[in-house]
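Comments concern the structure below.
The values are calculated or read from the model by the stated rules, or taken from the named source; none is laboratory data. Since we're looking at a predicted model, the values are computed, not measured. Cβ placement follows ideal geometry from the backbone for every residue including glycine, while neighbour counts extend to all protein chains displayed. Protein only, heavy atoms only, side chains kept; ligands, DNA and RNA dropped before computing areas. Shrake-Rupley method; radii C 1.70, N 1.55, O 1.52, S 1.80 Å.
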Amino acid sequence: MSGKVSGVKGMNDLLPPDSSVWQHVEQTVRELFARFGYQEVRTPVVEDTALFVRSVGEATDIVGKEMYTFEDKGGRSLSLRPEGTAPAARAYIEHAVANQEPVTRWFYMGPMFRYERMKTGRYRQFHQIGAEAYGASEAAQDVELMDMVVQLLEALELKDISLNLNSLGDETCRPAYQEQLVAYLQAHRDELCADCQARLERNPLRVLDCKNERCQAVVAASPDIQTFLCEPCRAHFDEVKRKLDLLGIHYVVNPRMVRGLDYYTRTAFEFIASHPALGTASTVGGGGRYDRLVKQLGGPDVPAVGVALGLERLCLLLASEAGRYAAPPDLFVAFADAAAAEQGFVLVSRLRKAGLRVEFDPRGGSLKSQMKRADRTHARYALVLGENELASGKGQLKPMQGGEPIPVALDEVAAALVTR
RNA sequence: GCGACCAUAGCUCAAUUGGUUAGAGCACUGGACUGUGACUCCAGGGGUUACCGGUUCAACUCCGGUUGGUCGCCCCA
């Protein structure tokens with residue numbers, strides 16, 4: 001399209017009626033998360049590049065090759081946020097929130113940016129719903145978060161989403177495991193794919209969830225992290241599982257599940273959907289515990305656990321419902337002549353002030369065309385204003401789904417509609 | 001970053017192996033029905049066939065490039 005402007009690749013517009021699906025999800029989130037005591041935090045879309053390098057990890061794909069990084073006019077290296085946990089932790093530290101309350105529960109919703117090749121459910125600007133809980137190292141906190149996600153999925157009536165669970169250990173036990181794992185993988189180096197051979201040096205844990213068949217065969221006989229967990233990590237993991245059982249939440253322990261961010265310790269989990277609309281983008285959400293991150297970023301030694309959900313992916317699962325959430329007007333007012341348009345304009349304003357959803361056609365036009373518009377908007381009722389109505393002060397509420405018109409005094413329209 | 005496929009009206013798709021003026025359904029506007037939507041019928045508006053170049057008497061059709069989209073690898077939300 002020469003001469004025409006177009007949007008940036010991988011960054012999408014959201015138009016009605018699709019936007020109503022998003023609003024439904026967002027509204028459900030706000031209501032449910034409030035029940036769990038999570039309050040909204042909003043941080044800038046741009047952060048100091050170093051924040052992500054130090055938290056997400058230099059060796060990760062996200063930081064290594066997916067960030068939108070640029071220099072501002074002051075020569076600072078800034079990046080569009082690729083995820084929400086690090087910015088939230090930064091705000092938590094910067095405002096010394098730990099000094100004001102022992103436990104902090106935050107949620108956020110907003111755009112994230114990663115420069116990636118696009119496919120179904122994956123975009124360069126995408127939106128995450130995240131929740132973070134600071135200050136509690138207990139398993140109950142991990143499970144509360146998972147419970148909240150499970151309840152959200154239920155509220156959205158999403159089915160067939162399974163919870164995968166793993167423990168990645170901590171700084172006490174993970175090094176020993178990693179050492180054993182690397183030793184084992186080195187011994188089988190030539191059986192691994194090229195990518196995994198590179199991972200061996202940079203990020204050995206990632207070899208575990210390589211999809212390559214030959215790598216899987218190697219991994220199948222690799223040391224199991226579960227057997228390496230130190231006593232505190234084992235106890236924590238057991239407690240997480242026990243409390244999930246207590247709440248009747250089903251989960252699958254997957255010792256191969258490794259998340260793509262470096263800051264996770266102990267609990268890691270993923271919500272995975274088996275739905276054709278998502279293609280191979282089956283993860284709708286994931287999270288875990290990051291007990292070292294706050295301190296690592298220069299804050300106090302505060303444990304934390306968090307989760308992030310992909311808004312686009314949730315909406316893809318709801319896509320067949322598009323339009324179902326858009327609220328139609330209660331009333332459409334049509335005008336038969338100029339005098340009616342004048343007085344009707346005032347009536348419409350009054351009805352809206354009274355809390356009703358009311359529409360009219362500002363262009364006027366034939367009654368017929370106005371009624372057509374009334375039909376198209378799916379208004380519940382239509383009211384025609386003309387000489388007769390203005391003279392008598394009475395009109396007829398016409399049910400657009402069919403049925404007998406309801407006689408009503410013009411100054412009682414609001415009252416009549418509220419009760420219907 | 002690698003590989004495969006695709007691109008025609010706002011949407012979903014046609015257009016006889018290259019051949020007059022690129023069509024239909026839906027949507028939009030108006031009319032049949034001069035104060036009443038839907039169903040029916042009639043009419044109308046809407047296209048540089050994604051863009052740029054090439055082959056040819058002739059290109060929506062064939063070739064190359066660009067851009068965008070889809071799918072897999074990778075990765076993740």
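Here is how the numbers come out for the structure above:
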| quantity | calculated |
| --- | --- |
| Pairwise FRET efficiency - A:GLU171 versus A:GLU231, Cβ, R0 = 25 Å, nearest 0.05 | 0.95 |
| Neighbourhood net charge (10 Å Cβ-Cβ; Lys/Arg +1, Asp/Glu -1) for A:GLU47 | +1 |
| Estimated distance in nm for a label pair at A:ILE406 and A:ALA277, the labels positioned 7 Å out from Cα along Cα-to-Cβ | 3.4 nm |
| Distance violations [Cα-Cα > 27 Å] among A:LYS119/A:LYS211; A:LYS159/A:LYS295; A:LYS65/A:LYS211; A:LYS159/A:LYS211 | A:LYS159/A:LYS295 |
| Within the accessible area of chain A (1.4 Å probe), percent carbon and sulfur | 50 percent |
| Calculated [θ] (222 nm, deg cm²/dmol) that DSSP helices of n ≥ 4 give over chain A, each run adding -39,500 (n - 2.57) | -11000 deg cm²/dmol |
| Computed E for A:SER392/A:ALA326 - FRET, C-beta separation, R0 41 angstrom, nearest 0.05 | 0.70 |
| Solvent-accessible area per residue for the stretch A:158-212 (1.4 angstrom probe, square angstrom) | 51 Å² |
| Within straight-line cross-link reach of A:LYS394, aspartates and glutamates at Cα separation under 13 Å, skipping those fewer than 8 residues along the same chain | A:ASP411, A:GLU412 |
| Euclidean distance between Cα centres, the stretch A:306-354 to the stretch A:232-275, Å | 42 Å |
| Cα shape, the stretch A:331-418, gyration tensor, a/c 1.5 rule | rounded |
| Additional length obtainable on full extension of the chain from A:TYR115 to A:ARG30, 0.36 nm per residue less Cα span | 27.7 nm |
| Within the stretch A:331-418: Cβ-based charge dipole about Cα centre, in debye rounded to nearest 20 (Lys, Arg +1; Asp, Glu -1) | 400 debye |
| Choice from A:LEU78, A:LEU244, A:LEU347 with maximal GNM fluctuation in chain A (Cα, 10 Å cutoff) | A:LEU347 |
| Segment A:VAL46-A:GLU239, extension gain: residue separation times 0.36 nm, minus the distance between their alpha carbons | 65.7 nm |
| Choice from A:GLN151, A:GLN125, A:GLN396 showing the highest fluctuation, given a GNM over chain A with Cα pairs closer than 10 Å | A:GLN396 |
| Cα-centred dipole magnitude for chain A, charges only on beta-carbon of K, R (+1) and D, E (-1), debye, nearest 20 | 960 debye |
| Two-site FRET efficiency, A:ASP195 against A:LYS295, from Cβ-Cβ distance with R₀ of 35 Å, rounded to 0.05 | 0.60 |
